[in-house]
Every structure is written in structure tokens, then in C-alpha cells.
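Here is the structure we will look at.
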Amino acid sequence: MKKFLLVSLALSISYFSYSTSITVNGIVAGNWNTDTVFVRGNLVIPQNEHLTINPGSLILFQGFYRIDVYGSINAEGTLTDTIVFKPTDTTEFHDQIHGRGGWSGIRFRELNSFQDSSIFTYCNFQYGKATEDSLNSYGGAIMVYGFNKIRVSNCLFYHNYSYYSGGAIYLKEADIIIRNCTFHLNFSGNTEGVIYGYGGGICSMYSSAIIQWNKFIKNSSTGVGGGVSFDNSNPKFDFNIMEGNFSGLGGALGVLRSSPVNTFANNLVVNNEAMFFGGGICCIRSFPVFSNFTVTGNSSSYGGAFYCNDSAAPKMYNSIMWGNLGIGQSVYIWDVFSAPNFYNCDIEGDTINFEGSGAHLGYHGEYLNNLNVDPQFYGSGNFPFMLISNSLCIDSGTHDPSFLNLPPIDLAGNIRVYNNRLDIGAYEFNGTTSTWAIKNDSLLIYPNPFIAGINIKIPQNENYYEKLQLVIYNIEGKLVCQLDLKGDEIEWDGMNYRGLPVEPGLYALSLKIGNSIVSTKIIKMK
């Protein structure tokens, strides 16, 4: 039998284990290197202590227990060995008042700024539940209050619930990073009473989080933002896909009481629904700038695509709003004090189809250089909302978009400006309807985008191993590095041939396998 070391001091428990399973409760730190961790009580990671959870671990909560983090935690799985957090029994998860059927999430609450960073990557959070007491009724899987040094990437948030806000993640005064994650079937709010939940997937309050390259699928809330809500926040919200989400207002996205400095860019908002207003997006007393959105197939009683209320004055550039349903199928403006502005967009029905007190004679926003034509979506494949070659949205965007400070690529990873003019919508037409795939028969690349390093996996063919050459160029075509390698999996550390870290941006990776060359795009993020 394999041995493990157990140290118990007062109420503290620290583990370094090689057993197939361990049982924990109370104060924890150290390393969980085991197949299964049974949690049988609330856990606390103390200040200045660190917990590491190894790849492939299953964290099974035997009841409605949580992890309170005052130190730091690293749960870094891999593409093939994810770390799973879930309860043993989900039978009564539907009960919105009690904690039965769930676990109580991971909670970061006003940590000292000198604490080490916490990292979650390739983790799977299931059936987290924020309920029973007001202090812990926010953020079904993760709640962060007053701390910035957290990164969440390549994670799945599935079927988490909060009684108030943030079905999966709740942020308050928390400028964290969330990238490459999937949020599916998360829910916030109480359907039996008058609790209006905000952000079925993510709720951000007074935060400047970086939220990029995520998918929000079939999340819901009873109040605002079925996928995401921002309140008094300044996020970087780019490259996200929001599909099939539902809320009272803002089926996919709600922005409240915010004047963000950063432009929201390159987001796809498709087939979402609001019960009352704004099937795609709602803005309430807010002044965000949106650019290169594609908003289509959304529905609501009022404002199929977009809704404004309470003196909201957002600006929307280079975006498509087409094929949405509701009174005011593209835009509904509740009050005469709201004045949304549109520049170089393609909006079905033009201002004639705007509805609400702030529409028609009450509309006093700017409406310049906009189209009212079928955008001509490609309609199939991995990117069905790309444009076909005869679309009038091609080369019809803002002439000089530099003031928008847009990312250099579109939602598919193509270089954003092709043919010297910005396109309208989340995708840039580059002369063909094809894109460089992240995964193909020859390469699997992860994570992409990346921050520090990136892995390149090739098929298991021993004939390749003696003839591997990896070359990376920047977008100007200049050589960044060249490596001669062996093996079926390669890691590039993000360093150039001089041993210095490369700058954030778009790069071309070319791998010579035998007599063949396979190329793809990779993205270095800040």
C-alpha cells in the first residue's frame, strides 16, 4: 500500500499524499496528489499558506461545504487531466433555498494584497451553489471580493447556481482574468420570490476584469444579463460567444451604471432571449463603447437585439444587428433621456424600426454611415456568421478605427483589417471563407491564446520525430524563433531567439513535419 504523510496541528490539516484518496476538513495546505479528495467539512486555506491540487484530481464534496481562501490555491489541470470540483449527490440541487444537492463554492474575501496569486486552469466546476446565508449567496462556483491576483483559464462552469448574482462567478472589486472558459447552464436569482439575479454566468461589480475568448451557452438569470452583467465596471470584454442565454433584461449581456474606458470588441451574440427587454444586450444608465459585434437571432418582447433605459448613451461601431425579433426588432429605447449612437453599423430596419419613447421623434442620438442590408452570412461550418464575398458589410467599417483601440484580430483569429478597411461584424472577410484552424489533423495547440507558454501536439507517427522544425514569425513576417525538436508534444516558452519574452500579439507558427509544412495562428495575451 502506498504511504502518505498526514500532519495535524490543532484544527489544521496539511496533506502530501500518494494514496488513491484522502479525506479533508478544516484548515488545509500543501499538495493534493491523489485521485479523489473527499471533502467532509468547510475548508480554509490560511493567510500565507498555499494549496496545490494536481492534474486529474476529483474533489468530491460530501455535503454543502466550501473552500475559504485567505492564502492561495493552484489547481492546474491539463487538457487530458482536468481537475473536477463537484458534490457527491446532486438530487436536490433544484432547491433554491437550501444547500442540498450542491457544494458552496470557492470564496476569496478581502485578501491582503501581498498574498500570492491563485490559478485555475483546466478545471471543471459543477453544481456549485451559493445560497442559505446572504454572505455566501453570490457566485455559485467562485466568489472574489477585494482581490485581483487570480487567473481562470480553460475551465468549464456547468450547472452552478447563486441565490443573488453570479451564477458561476461573482466579482466585486476584483480585477481578475477569465479566459478560454465555457459557461453552460448556470443560473442566478430566485424564481419563487422577488430576488432579481444578475449575471447567469458572471456578475461583475466595481471590477475591471479581463474576460476574453469565453463561451456563454444557455445561462440564465431572473434580472439582468443571462450570460454576463457588468455594474459600475470597466472590463476588457472581447472575443466572447454568447448563445442561447436568457434573462428578464439583456438575454446575453447587461451593462448597468458603467462608463467603461475599454471598448467591448469582437463578440458574437446569437439566439439569446429576454422575457421583457433586450434579447441580446441591455444598457441601463451606462455609456459603453461596442465595436464589431454580430447580434443576430435574438428575441424579446421589446428590443430584440438592443435595449436602452435610464439615460443610457452607448456607442456602437462596426456592428451587425440583423434577424432579431421583438417590438423594435433591432433597438428599443425606453425613455427620451437615453440616446444610443450608431456608426458604420448594419441595422435591420434603420431608425424607422426603433421603438419606445426615445425612438422616432424622441430619438436624438447620432446615426451615421449605417447600412440596412442583409449582411450575407456564410451560414455553415465553424464560423457560420462570417461574411461571404458579396456582403456589403465588407470594407464598410470605420475608416480610421485607431481611436477604438481594437484588438489586431477578429473572432476567428484572422487579422482584423484586410484590404485597408475594417469590416462590419465580429468577423473580418480575408478574401476567402476559410480560417486557420486551432485544431486540425496535424496539430493540436493549447492554450491558444496563451500568456506564458504554449503546447503543440502532433500525431503519433514515429517517422515525424526525427524531422521536426518549429518556426515562429510575427505579423510582419520577421523570424521570432526556430527550434529543432523531437517528440510528439512540444512546448514553446514564449521566448524569442535572443531569450527574451515576445510581446503580446498575433504570431504565425509553422511546423515542418517530414516534407510537409503545417501552419496556424497563435496569440500571445498580456
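If we scan region 196-219, do we find a residue that is touching a residue at least 40 places away in the same chain (Cβ under 8 Å), of a type in the set (D, E, K, R) and within 26 Å of residue 452 (Cα to Cα)? No. The single residue among 431, 425 that is part of a loop (DSSP other than H, G, I, E, B) and at pLDDT below 95 turns out to be 431.
In region 403-417, of all residues being outside any loop (DSSP other than H, G, I, E, B) and open to solvent by 40 Å² or more (accessible area, probe 1.4 Å), the one that is farthest from residue 267 (Cα to Cα) corresponds to 403. Do we have residue 166 as closer than 16 Å to residue 223 by Cβ, at pLDDT 95 or above, open to solvent by less than 10 Å² (accessible area, probe 1.4 Å) and touching a Lys or Arg at 6+ places or on another chain (Cβ under 7 Å) here? No.
When residue 259 is evaluated against the numbered criteria (1) buried (at least 24 other Cβ atoms within 10 Å of the Cβ); (2) in a loop (DSSP other than H, G, I, E, B); (3) not hydrophobic (A, V, I, L, M, F, W, C), which criterion, by number, is the only one it fails? Failed condition: (1). Residues in region 37-62 that are closer than 22 Å to residue 155 by Cα and either within 27 Å of the chain's Cα centre (by Cα) or surrounded by fewer than 22 Cβ atoms within 10 Å (Cβ to Cβ) (or both): 14 in all. Inspect all residues belonging to region 319-339 and state whether any of them is within 22 Å of the chain's Cα centre (by Cα), in contact (Cβ under 8 Å) with a residue 60 or more places away in the chain and open to solvent by less than 40 Å² (accessible area, probe 1.4 Å). The answer is yes; a qualifying residue exists.
Here residue 389 meets each of (1) assigned to a loop (DSSP other than H, G, I, E, B); (2) modelled with pLDDT of 95 or more; (3) of a type outside the set (A, V, I, L, M, F, W, C) with one exception, condition (2).
The single condition from (1) among the hydrophobic types (A, V, I, L, M, F, W, C); (2) modelled with pLDDT of 95 or more; (3) farther than 19 Å from residue 254 by Cα that residue 174 fails is (3). Here is the figure for region 104-134: residues that are within 24 Å of residue 56 (Cβ to Cβ) and open to solvent by 10 Å² or more (accessible area, probe 1.4 Å) total 8.
For region 488-501, which positions are buried (at least 16 other Cβ atoms within 10 Å of the Cβ) and not in a strand (DSSP E or B)?
Restricting attention to region 488-501, the residues satisfying the condition of being buried (at least 16 other Cβ atoms within 10 Å of the Cβ) are 490, 492, 494.
Listed by number, the list holds a single entry, 494.
Pairs are defined by a Cβ separation below 7 Å, a sequence spacing of at least 6 or placement on different chains, a first member in region 257-278 that is touching a residue at least 60 places away in the same chain (Cβ under 8 Å), and a second member that is among the β-branched types (Val, Ile, Thr) and outside any loop (DSSP other than H, G, I, E, B); the pairs so defined are 263/289; 268/241; 268/294; 270/296. If only residues of region 366-382 that are modelled with pLDDT of 95 or more and assigned to a loop (DSSP other than H, G, I, E, B) are counted, the one that is surrounded by the most Cβ atoms within 10 Å (Cβ to Cβ) is 375.
Table: residues versus (1) over 21 Å from residue 40 (Cβ atoms); (2) outside any strand (DSSP E or B); (3) touching a His at 6+ places or on another chain (Cβ under 7 Å); (4) not aromatic (Phe, Trp, Tyr).
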{"site": "81", "(1), (2), (3), (4)": "yes, yes, no, yes"}
{"site": "90", "(1), (2), (3), (4)": "no, yes, no, yes"}
{"site": "108", "(1), (2), (3), (4)": "yes, no, no, no"}
{"site": "112", "(1), (2), (3), (4)": "yes, yes, no, yes"}
{"site": "115", "(1), (2), (3), (4)": "yes, yes, no, yes"}
{"site": "132", "(1), (2), (3), (4)": "no, yes, yes, yes"}
{"site": "143", "(1), (2), (3), (4)": "yes, no, no, yes"}
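One residue alone among 96, 62 is out of contact with any Asp or Glu (no Cβ under 6 Å at 6 or more places or on another chain), polar (S, T, N, Q) and modelled with pLDDT under 95, and that residue is 96.
The selection criterion, being touching a residue at least 40 places away in the same chain (Cβ under 8 Å) and either surrounded by fewer than 18 Cβ atoms within 10 Å (Cβ to Cβ) or in a helix (DSSP H, G or I) (or both), does not hold for residue 358. If we keep just the residues of region 383-402 that are more than 26 Å from residue 242 (Cβ to Cβ) and open to solvent by 50 Å² or more (accessible area, probe 1.4 Å), which is nearest to the chain's Cα centre (by Cα)? By that ranking, first place goes to 402.
The set of residues in region 322-355 that are within 20 Å of residue 393 (Cα to Cα) and in a loop (DSSP other than H, G, I, E, B) comprises 323, 324, 329, 330, 344, 345, 348, 349. Among the residues of region 268-290, write down those that are of a type in the set (S, T, N, Q), more than 18 Å from residue 233 (Cα to Cα) and surrounded by 24 or more Cβ atoms within 10 Å (Cβ to Cβ). Passing the criteria: only 272.
The values are calculated or read from the model by the stated rules, or taken from the named source; none is laboratory data. All values derive from a computational prediction rather than experimental measurement. As a convention, Cβ positions derive from the backbone with ideal geometry for all residues, glycine included, and neighbour counts pool all protein chains shown. We work out accessible area using only protein heavy atoms, side chains counted, and drop any ligands, DNA or RNA first. Shrake-Rupley method; radii C 1.70, N 1.55, O 1.52, S 1.80 Å.
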